[in-house]
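Below is one structure; the comments refer to it alone.
The values are calculated or read from the model by the stated rules, or taken from the named source; none is laboratory data. Keep in mind it's a predicted model, so treat the numbers as computed, not measured. Every residue, glycine among them, receives a Cβ derived from its backbone with ideal geometry; neighbour counts consider all protein chains shown.
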Amino acid sequence: MNVSAAAADPREQHWLSFQISNQLYAAPLIKVSEVIRQGELTPVPGAAADLLGIRHLRGRIIPVLDGRMRLGLPVDPAGDPARARIVMLSHADQLIGLRVDAVGELLCADDAQIAPPPPGRASRSDDPVSGVLSWQGGFVALLDVGRLCRLMSIRESDHVA
């Protein structure tokens, strides 16, 4: 793929796909800062059930979410630990890690190829699925990083106090 040609078409969006459980998901590439191995995580007592812990990354403390729990997927059976990664997502100057079972391909789609989420999902304000993309006989659920990482609710609560 010619990167400069892709950047020239504003209708094209680039997504990093990854597998969580038996489902493919993707996050906007512009929101992905890097993909790393899990490494050492420090648990946070009293945190939300889907927060695996925090991790030090180049002088920053990064919260790491369990992708399966955050998306309401079965925790068992766990994927191959050798393929598991943490996708580092950025949103509004925040950096959040999302543990996934495996990282997939870079997807490229224009707005016309992206369908709205299935009926009923869009009515949930906390649902991180923003759309779906048909791909290789199945579909990829496209994620809204702000809702996935609950960053909007964090920012709103800061203004309330």
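Here are the numbers for this structure:
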| read-out | value |
| --- | --- |
| Pairs where the first residue, in segment 4-19, is closer than 19 Å to V145 by Cα and the second is at pLDDT below 55, C-beta under 6 Å, 6+ apart | E12/A6 |
| Members of segment 57-94 that are under 17 Å from the mean Cα position of the chain (by Cα) and among the basic types (K, R) | R68, R70, R83, R85 |
| Residues (surrounded by fewer than 20 Cβ atoms within 10 Å (Cβ to Cβ), outside any strand (DSSP E or B) and in contact with a strand residue (DSSP E or B) (Cβ under 7 Å, 6 or more places away or on another chain)) located in segment 51-67 | none |
| Selection count, segment 32-47, where residues are in a strand (DSSP E or B) and within 12 Å of V100 (Cβ to Cβ) | 3 |
